[in-house]
Amino acid sequence: MKNKFLKSIFVVTLGCALFVSCKPKDSTDAVEGDAASKVYVAPGKYDEFYNFVSGGFSGQVSVYGLPSGRLLRVMPVFSEDPQSGYGYSEETKPMLNTSHGYVPWDDQHHLDLSQTNGEVDGRWIFANANNTPRIARIDLKTFKTAEIIELPNCGGNHSSPFITQNTEYVVGASRFSVPADNDDGDVPINTYKKNFKGYLSFVKVGKEGELDLAFQIVAPGVNFDLSHPGKKESHGWFFFSCYNTEQANTLLEVNASKNDKDFIMAVNWKKAEEYIKAGKGKRIPAKYAHNTWDEKTQTAKSEIKKEVLTLDASELKDICYMIPCPKSPHGCDIDPTGEYIVGSGKLAALIPVFSFTKLKDAIAKKQFDGNYAGIPVVKYEAALHGEVQKPGLGPLHTEFDGKGNAYTTMFVSSEVVKWNIKDLKVLDRKATYYSPGHLMVPGGNTEKPFGKYMVVYNKITKDRFLPTGPELAQSAQLFDISGDKMKLLLDYPTIGEPHYAQGIPAEKIINNGQLKYYKIAENNHAYATKGEKETKVVREGNKVHIYMTCIRSHFAPDNIEGIRVGDEVYFHVTNLEQDWDVPHGFAIKGANNAELLIMPGETLTLKWVPEKKGIFPFYCTDFCSALHQEMQGYVRVSPAGSNVPITYSVGTNLPKE
Ligand code: RUQ
Ligand code: CUA
């Protein structure tokens, strides 16, 4: 009894240590002499790498250059973006549709670049949404969100969107296990053990990137945290860390920290595919949205899917295995050879490294320690390659340099630690400022890391940048890892909260067929206007469609009359420019909407319902030429029921002499 009490005190204390974390003392003198020249990219010169960084609670993905740390772009993915009109224009609204209706925000944690033969290939980047579980695919020719698929039956899609070596699958899993969507979820919360399940989603990626939820594996109700695919020899397997194997439903900081070991769940997805082929899958009803952006019509559509194929992990005994892993594992990272599986227990004082060869052996020899909810538990020692001793406090995530080294972030002791994968010896440690979460080596989770730079994303920054009120900027720290010792080069602030990130040599993106503008001749938008002569205003009952064009530096039409209070007015604005980076903006006074930012050759639609009579100016919001300030127009709104006829013109509506 006393013992148990002491143990829970220990857990709570450790929990607090995690919460508070340490701040290293030598925070100013850590940079060496030549750091500035290593990150200096001269004006007009390009960076060597693209760095894609998750936005956390901003819901977006930002793009930086490395080594300069310069912010290049913020790509809207899961949150509305008034700057581009994403989520506001009629064309993009369906992208944010879900089985819960329109959802304007999410929490975006992890990114993974598409791969070919285990190498990043620069085609797409995938992003997860935690809150309303979804996976997005962003097209890196346009840097636009091309597709979003919702994942049914789960909560908190944290362990996502990790992909296999040829981009066969992108996965997701429940962080918050819940009763399946079609089960009666109206149950007492304390029936967690009986009614809550964890669902692992395997989303197939087609040749053109098309996403399709191929199957879900029904697993015990625990918290699935992170995952990574096998590589080379271990290709065909996926590894998911899980915690809360206590199956607590309240005060998890204490109740989910009781077990000495939780698990890494090894999933043989090739075997799962065989079962699916053999007809062992069960179709269950489920409602989830699949949203696609059509480049030709420049319009998104949202489809609600009705069922999903499932496999039960406890019935099919040879697709899932539990590997015991100390103290609430968080990161689950596989080295470039595919042989070593690194589990980072947030509360553990060591880092266990498992061997895939030993794991397979242990499975073949049935070296099990019973089962967990019907899933065989492999003996810890049987799968263990070894433990990194005294690595630091609070290990979270590990990346690799392709030269036999691993780098692990330590949240509590605020450092990054370099160690050798084979002999597990610690080689170097450097302070980070402060409390790092993820880290990223370009290609560092693939078979081919580009081991020159490493970026550590910090959770807590305190005194790194100028103060900005109660909320401070989050920070990324760039290290040179080309030598034996890591060297801190640069701090730069990031947007939202950075979680995982990806990096890729710039030429892989520059040479992937970057789109410079949309060809006006190929614009198949339903309301495209391909020349000024085709502009018109059409009333259909209380709906008014305005077919508008813009080109430096005027809109056509720019005088519109005959609109009435309460009309649903649709401005379908086509940008006639055929040159790189000549967008025009469109905004109208009083619209409870955002602007449109229309790329060359593109058509976008703003819906506006005028509530008062009067004259409403509209204008271009993007400085596009010396006569940008002249790029404007007027709409006259008359009372409901008025008989002012629809008229529209550009350059001809002149005062009567
Ligand atoms: S994680 S809190 Cu990727 Cu370390 Cu989300
Ligand atoms: Cu078009 Cu300013």
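The values are calculated or read from the model by the stated rules, or taken from the named source; none is laboratory data. Source: prediction; values computed, not measured. Positions of Cβ are generated from backbone atoms using ideal geometry, with glycine treated the same way; all protein chains shown enter the neighbour counts.
From the list LYS317, LYS280, LYS305, LYS296, the lone residue that is part of a loop (DSSP other than H, G, I, E, B) and under 24 Å from TYR86 (Cβ atoms) is LYS296. All of (1) within 14 Å of ligand 1 (Cβ to nearest atom); (2) crowded, with 24+ Cβ neighbours inside 10 Å; (3) of a type outside the set (Asp, Glu); (4) over 22 Å from the mean Cα position of the chain (by Cα) hold for TYR407 with one exception: (1). Just to be sure before I move on: is HIS228 within 16 Å of ligand 1 (Cβ to nearest atom) and under 21 Å from ARG137 (Cβ atoms) in the structure I sent? Against the criterion (within 16 Å of ligand 1 (Cβ to nearest atom) and under 21 Å from ARG137 (Cβ atoms)), HIS228 qualifies. Of the residues making up the range 339-360, just one is of a type in the set (S, T, N, Q) and in a helix (DSSP H, G or I), namely THR357. Taking the criterion of being over 39 Å from the mean Cα position of the chain (by Cα) and part of a helix (DSSP H, G or I), the only residue of the range 609-657 that qualifies is GLU630.
Applying the set (1) among the hydrophobic types (A, V, I, L, M, F, W, C); (2) within 20 Å of MET75 (Cβ to Cβ); (3) out of contact with any Asp or Glu (no Cβ under 7 Å at 6 or more places or on another chain) to ALA506 leaves exactly one unmet item: (3). For the range 423-438, filtering for residues that are surrounded by fewer than 24 Cβ atoms within 10 Å (Cβ to Cβ) and within 18 Å of the chain's Cα centre (by Cα) leaves 1.
Residue-wise test of (1) among the basic types (Lys, Arg); (2) on the phi > 0 side of the Ramachandran plot; (3) within 16 Å of ligand 1 (Cβ to nearest atom).
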{"position": "LYS232", "(1), (2), (3)": "yes, yes, no"}
{"position": "ALA248", "(1), (2), (3)": "no, no, no"}
{"position": "LEU252", "(1), (2), (3)": "no, no, yes"}
{"position": "ASN259", "(1), (2), (3)": "no, no, no"}
{"position": "PHE263", "(1), (2), (3)": "no, no, no"}
{"position": "LYS270", "(1), (2), (3)": "yes, no, no"}
{"position": "TYR275", "(1), (2), (3)": "no, no, no"}
{"position": "LYS287", "(1), (2), (3)": "yes, no, no"}
{"position": "THR297", "(1), (2), (3)": "no, no, no"}
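The requirement of being modelled with pLDDT of 95 or more and crowded, with 19+ Cβ neighbours inside 10 Å is satisfied by PHE162. The set of residues in the range 516-556 being closer than 26 Å to LYS141 by Cα and of a type in the set (A, V, I, L, M, F, W, C) consists of ILE520, ALA521, ALA526, ALA528, CYS550, ILE551. Test VAL573 against the criterion of being surrounded by fewer than 17 Cβ atoms within 10 Å (Cβ to Cβ), among the hydrophobic types (A, V, I, L, M, F, W, C) and either more than 16 Å from ligand 1 (Cβ to nearest atom) or over 22 Å from LYS296 (Cα atoms) (or both), and give yes or no. So VAL573 fails the test. Restricting attention to the range 451-460, the residues that are in a strand (DSSP E or B) and either surrounded by fewer than 20 Cβ atoms within 10 Å (Cβ to Cβ) or in contact with a helix residue (DSSP H, G or I) (Cβ under 6 Å, 6 or more places away or on another chain) (or both) add up to 0. Within the range 456-468, residues that are within 20 Å of GLU399 (Cβ to Cβ) reach partners that are small (Gly, Ala, Ser) and crowded, with 18+ Cβ neighbours inside 10 Å with beta carbons closer than 6 Å, at six or more positions or on different chains, in the pairs TYR457/GLY437; TYR457/ALA476; ASN458/SER475; LYS459/SER435; LYS459/GLY437. Scanning the range 532-555 for residues that are more than 16 Å from ligand 2 (Cβ to nearest atom) and closer than 17 Å to VAL582 by Cα returns no hits. Kindly establish whether PRO336 is part of a strand (DSSP E or B), in contact (Cβ under 8 Å) with a residue 24 or more places away in the chain and not hydroxyl-bearing (Ser, Thr, Tyr). When the stated conditions are applied, PRO336 does not pass them. Residues in the range 535-580 that are assigned to a loop (DSSP other than H, G, I, E, B) and hydroxyl-bearing (Ser, Thr, Tyr) were compared, and the one that is farthest from the chain's Cα centre (by Cα) is THR535. Just one residue in the set ASN592, ASN559 is buried (at least 17 other Cβ atoms within 10 Å of the Cβ) and among the polar types (S, T, N, Q); that residue is ASN559.
For the range 116-134, the criterion of being of a type in the set (S, T, N, Q), in contact with a Leu (Cβ under 9 Å, 6 or more places away or on another chain), crowded, with 23+ Cβ neighbours inside 10 Å and in contact (Cβ under 8 Å) with a residue 24 or more places away in the chain is met by at least one residue.
This table checks each residue for (1) within 16 Å of ligand 2 (Cβ to nearest atom); (2) polar (S, T, N, Q); (3) closer than 28 Å to GLU540 by Cβ.
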| site | (1), (2), (3) |
| --- | --- |
| PRO610 | no, no, yes |
| PHE618 | yes, no, yes |
| GLN629 | yes, yes, no |
| VAL637 | no, no, yes |
| GLY641 | no, no, yes |
| VAL644 | no, no, yes |
| THR652 | no, yes, yes |
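Condition (residue is buried (at least 18 other Cβ atoms within 10 Å of the Cβ), away from ligand 2 (no atom under 16 Å from the Cβ), of a type outside the set (Asp, Glu) and over 30 Å from THR357 (Cβ atoms)) applied to the range 439-450: is it met by at least one residue? No: the range 439-450 contains no residue that is buried (at least 18 other Cβ atoms within 10 Å of the Cβ), away from ligand 2 (no atom under 16 Å from the Cβ), of a type outside the set (Asp, Glu) and over 30 Å from THR357 (Cβ atoms). Got a sec? Which of ASN559, ASN593, ASN643, ASN542 is within 27 Å of PRO76 (Cα to Cα), more than 16 Å from ligand 1 (Cβ to nearest atom) and among the polar types (S, T, N, Q)? Criteria check complete, one pass: ASN593.
ASP622 passes every criterion in (1) within 11 Å of ligand 2 (Cβ to nearest atom); (2) of a type in the set (D, E, K, R); (3) surrounded by 20 or more Cβ atoms within 10 Å (Cβ to Cβ) apart from (3).
Based on this model, can you work out whether GLU497 counts as under 29 Å from the mean Cα position of the chain (by Cα), farther than 25 Å from LYS141 by Cβ and outside any strand (DSSP E or B)? Taking the combined requirement at face value, the residue satisfies it. Scanning the range 92-109 for residues that are more than 16 Å from ligand 1 (Cβ to nearest atom) and either part of a helix (DSSP H, G or I) or buried (at least 24 other Cβ atoms within 10 Å of the Cβ) (or both) gives THR92, LYS93, PRO94, MET95, LEU96. Residues that are touching a residue at least 60 places away in the same chain (Cβ under 8 Å), of a type outside the set (A, V, I, L, M, F, W, C) and in contact with a helix residue (DSSP H, G or I) (Cβ under 8 Å, 6 or more places away or on another chain) are absent from the range 363-376.
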